[in-house]
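The values are calculated or read from the model by the stated rules, or taken from the named source; none is laboratory data. All of these numbers come straight from a predicted model, not from anything done at the bench. With ideal geometry, Cβ positions are generated from the backbone for all residues, glycine too; neighbour counts draw on all protein chains shown. Calculation scope for accessible area: heavy atoms of the full protein, side chains included, ligands and nucleic acids excluded. Shrake-Rupley method; radii C 1.70, N 1.55, O 1.52, S 1.80 Å.
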Amino acid sequence: GLGALALSVLPVGASAATVDELIAEFTGGAEMADTGVTLTAPEIAENGNTVPIEVSAENAAAIMVLATGNPTPPVGTFAFGPLAGARNASTRIRLAKSQEVIAIARLEDGTFARTSAEVKVTIGGCGG
Amino acid sequence: MADGVTPRVKVPKSAEAGEVITIKTLISHPMESGQRKDDDGNVIPRSIINRFTCDFNGENVIDVKMEPAMSTNPYFEFEAKVPEAGDFTFKWYDDDGSVYEETKSVAIG
Amino acid sequence: GNWARLAAQDKFDQDTLLEFETFGNVTLMHVTDIHAQLKPIYFREPSVNIGVGDNRGKVPHITGEEFRVRYGIGGGTPLDYALTYDDFVAQAQAYGKVGGLDRVSTVLNAIRADRPDALLLDGGDTWHGSMTCLKTEGQDMVNVMNALKPDAMTFHWEFTLGSERVQEIVEGLPFAALGQNIFDAEWDEPAELFKPYEFFERGGVKIAVIGQAFPYMPIANPGWMFPEYSFGIRDEHMQQMVDEVRAAGAELVVCLSHNGFDVDKKMAGIVNGIDVILSGHTHDALPEPVLVGQTHIIASGSNGKFVSRVDLDVRDGKMMGIRHKLIPIFSDLITPDAEITKLIDAQRAPYLDELTHVVGKSDALLYRRGNFNGTWDDLICDALLSEREAEIALSPGVRWGPSILPGQDITREDIFNVTAMTYPNAYRTEMTGEFLKVVLEDVGDNLFNPDPYYQQGGDMVRVGGMGFKMDIAKPQGQRISDMTLLSSGEPIDPQRSYVVAGWASVNEGTEGPPIWDVVESHIAKMGSVSQGAATPVKVVLPE
Ligand SMILES: [Mn+2]
Ligand SMILES: [Mn+2]
């Protein structure tokens, strides 16, 4: 069926800190490697209100997730303690529309790594 | 305190010493983003869980800073090392100051 | 192959249809997307079926003459009638109706006479699509299918009965309900009700059948009706399952899939170790398997129109050969299985007066299948425009729904056959021109995204009262242009609000009369209907 009506899960609100500002705050402006962190997300979200994602990075001290297309981009930051069995975590997030989701890892050696995933949030189509 | 907040966790009852186990947690919570409006057009105030932690015998496993973009009924899955028998403590911190807590014991062997 | 030889024969009867040289040691029988069609119907195959990206011009994205040439089918032959759209009315009058589960039963029994332990696998979209299925919440189909004795099944529209009803039926099924990608939404773990796979021992061969339900259920259909479940393609989990069944000794791995054909092709290129994919959802009917790597993909049509027979030679833990036949169910040529006819009639008996109530008469060929508007949908859009007093009508691009020949009466059953669903409300709302474009772009991308994994599964939304141009090769947001309000001939104004009527919204709480009442009222007023006003959709094909 055509899910024509409920388009966005979060209305566009006052502009908060931009994605660039949030990254700069997290990294202190340091360079980011483009390998070393993985972000797993579905190609198409079944439901923009609850999109499963998984982040992982070997030797990560913390991983920050940003939803670039949400009215407020911050999603969460996962800090790993001494008893973390692996530096990975899964959760579910809200995406207001189709967009790029970014994950940035701060590694134990103080360096940073960045990755992103494109997630499509559809308003629905029709089945065959 | 938000109504009907119920934490649930899945932790194996036992493990080998030093084993890495998978933990899953869920907590029923509306995670009101502070961006929605009610039928009269008034903004519904933000009310979310803003932090989640898991510790084992006082040592940290994971500490998550949570924003309004986390879904309703926040869910986490992660891995923890179990060096000895003891207790996992899970804490969810609500905007309103409430802290919801759950404990699970793990035996060795 | 088989069919070229067959087409050259004058004789065409039940024996010719069933002619098959039994091969190897395993036989699979595949039916899919029956959409609750118990009785014979007419079903016109699509004239427009555009492939995008790597699938441009590839099977199953060919129609008409191209299709005949590709498979060596002569024009005007029975197979031409069964598999293409051209000259449909004349051929339908010559060859008659297709399908009917009592005829399907005869075919299955004939195959079982050759190979008593043949496996019958149902690809889903079975408990949906007719008045009796809707009114009995799928029970009529469950009763009749159980009598055909399937060995396993997977799912799509079944879930629109609601998870409680699905659970009630599945718990009582005398065969395996499969879906390796049906997960518990809360804990992200395989749902307990559905097994990922089932083992069968046939002809001394250990066979694993892995189920793959429709991956985009909560996108294409109302997720609020089955909130406990999450789907997705989950090809990594599929690989795990294949490895698991191989490790457990499976010599033949069959995937019973409701992915849709292009998604199956992509999955076959990613997951190693599947011998045969029995493909469903996109309603394609192919006379030959399509080979991707070592995986043979079989497409068996829809609406009870075909049964696929697949004979396999499996030796030393390996598939060594395949012989396949897509058997069209010509209702007038195949003797119905009297017991099943009786059972079908028993399901229909309580509703017979309603089913046979004549609403009007058709002067046109009414069909649905095709990427853009079909004449049935044009008529439905006209009904929405007039009965709901709207400027623009939207009708979902579903692939099910039999055809009506010119001169045929339109009964209430016929209307339900193209509209029956559990969320039928014909809404009336306002949308801005800008939002209408977003809707068309969104649905268009779900159909024409070059990556099959982004194709969630329907044909293009049918539009009434508004024309548009669609450039298929462009990315989302740039495909749709020249949107024109037909009543005024003026371009759609992004800022203006338009009164829009539609049906099959996936949103909970959608209000309005059921679509079948809207369509019936429209047809009753017209008495005899010519096809609805065809919407001018100018399609720009990829290079
Ligand atoms: Mn179908
Ligand atoms: Mn389907």
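General observations
- Members of the stretch B:1-45 found to be in a strand (DSSP E or B) and open to solvent by 40 Å² or more (accessible area, probe 1.4 Å), listed by number: B:R8, B:K10, B:S14, B:E19, B:V20, B:T22, B:K37, B:V43
Yes or no, residue by residue, for (1) more than 16 Å from ligand 1 (Cβ to nearest atom); (2) within 13 Å of chain A (Cβ to nearest Cβ); (3) in contact (Cβ under 8 Å) with a residue 60 or more places away in the chain:
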site: C:L193; (1), (2), (3): yes, no, no
site: C:F200; (1), (2), (3): yes, no, yes
site: C:Q239; (1), (2), (3): yes, no, no
site: C:A248; (1), (2), (3): yes, no, no
site: C:V290; (1), (2), (3): yes, no, yes
site: C:F306; (1), (2), (3): no, no, yes
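- Matching entry among C:S257, C:S302 (being within 16 Å of ligand 2 (Cβ to nearest atom), more than 10 Å from every other protein chain (Cβ to nearest Cβ), polar (S, T, N, Q) and open to solvent by less than 10 Å² (accessible area, probe 1.4 Å)): C:S257
- Selection over the stretch C:258-273 of residues that are away from ligand 1 (no atom under 16 Å from the Cβ), touching a strand residue (DSSP E or B) at 6+ places or on another chain (Cβ under 7 Å) and not in a loop (DSSP other than H, G, I, E, B) gives a count of 3.
- The residues listed here are C:G370, C:G374; of these, the one that is surrounded by fewer than 24 Cβ atoms within 10 Å (Cβ to Cβ), within 24 Å of the chain's Cα centre (by Cα) and within 16 Å of ligand 1 (Cβ to nearest atom) is C:G370.
- Flag if C:T341 is away from ligand 2 (no atom under 16 Å from the Cβ), assigned to a helix (DSSP H, G or I) and either modelled with pLDDT under 95 or of a type in the set (S, T, Y) (or both): yes
- Failed item in (1) within 11 Å of chain A (Cβ to nearest Cβ); (2) at pLDDT below 95, with B:D96 passing the rest: (1)
- The residue that is farthest from the other protein chains (Cβ to nearest Cβ), among those in the stretch B:46-69 that are open to solvent by 10 Å² or more (accessible area, probe 1.4 Å), in a strand (DSSP E or B) and free of Cβ contacts under 8 Å to residues at least 40 places away in the same chain, is B:D55.
- Condition met for C:V245 (over 22 Å from the mean Cα position of the chain (by Cα), away from ligand 2 (no atom under 16 Å from the Cβ) and either modelled with pLDDT of 95 or more or assigned to a loop (DSSP other than H, G, I, E, B) (or both)): yes
- Residue in the stretch C:274-296 that is nearest to C:P78 (Cα to Cα), counting only those that are more than 16 Å from ligand 2 (Cβ to nearest atom), of a type outside the set (G, A, S) and in a loop (DSSP other than H, G, I, E, B): C:P287
- Among the residues making up the stretch C:490-507, a single one is in a strand (DSSP E or B), open to solvent by 40 Å² or more (accessible area, probe 1.4 Å) and touching an Asp or Glu at 6+ places or on another chain (Cβ under 6 Å): C:S497.
- Qualifying positions in the stretch C:142-172 - acidic (D, E) and either within 16 Å of ligand 2 (Cβ to nearest atom) or out of contact with any strand residue (DSSP E or B) (no Cβ under 7 Å at 6 or more places or on another chain) (or both): C:E158, C:E164, C:E168, C:E171
- Considering residues of the stretch C:406-425 that are of a type in the set (A, V, I, L, M) and either in contact with a Ser or Thr (Cβ under 9 Å, 6 or more places away or on another chain) or modelled with pLDDT under 95 (or both) only, the residue nearest to C:Q476 (Cα to Cα): C:M421
- The one condition in (1) within 20 Å of the chain's Cα centre (by Cα); (2) within 14 Å of chain A (Cβ to nearest Cβ); (3) basic (K, R) that C:R234 fails to fulfil: (1)
So that you can scan it fast, the table gives a plain yes or no per residue for (1) out of contact with any Asp or Glu (no Cβ under 8 Å at 6 or more places or on another chain); (2) under 27 Å from C:G53 (Cβ atoms):
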| position | (1), (2) |
| --- | --- |
| C:Y229 | no, no |
| C:Q240 | yes, no |
| C:V245 | yes, no |
| C:A248 | yes, no |
| C:M267 | no, yes |
| C:G280 | no, yes |
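- Taking first residues from the stretch B:83-105 that are within 20 Å of B:G34 (Cα to Cα) and partners that are hydroxyl-bearing (S, T, Y) and assigned to a loop (DSSP other than H, G, I, E, B), the Cβ contacts under 9 Å between residues at least 6 apart in sequence or on separate chains come to B:W92/B:S98.
- A:P82 open to solvent by 50 Å² or more (accessible area, probe 1.4 Å), more than 16 Å from ligand 1 (Cβ to nearest atom), touching a Lys or Arg at 6+ places or on another chain (Cβ under 9 Å) and without any contact (Cβ under 8 Å) to a residue 24 or more places away in the chain: yes
- B:T72 open to solvent by 50 Å² or more (accessible area, probe 1.4 Å) and within 11 Å of another protein chain (Cβ to nearest Cβ): yes
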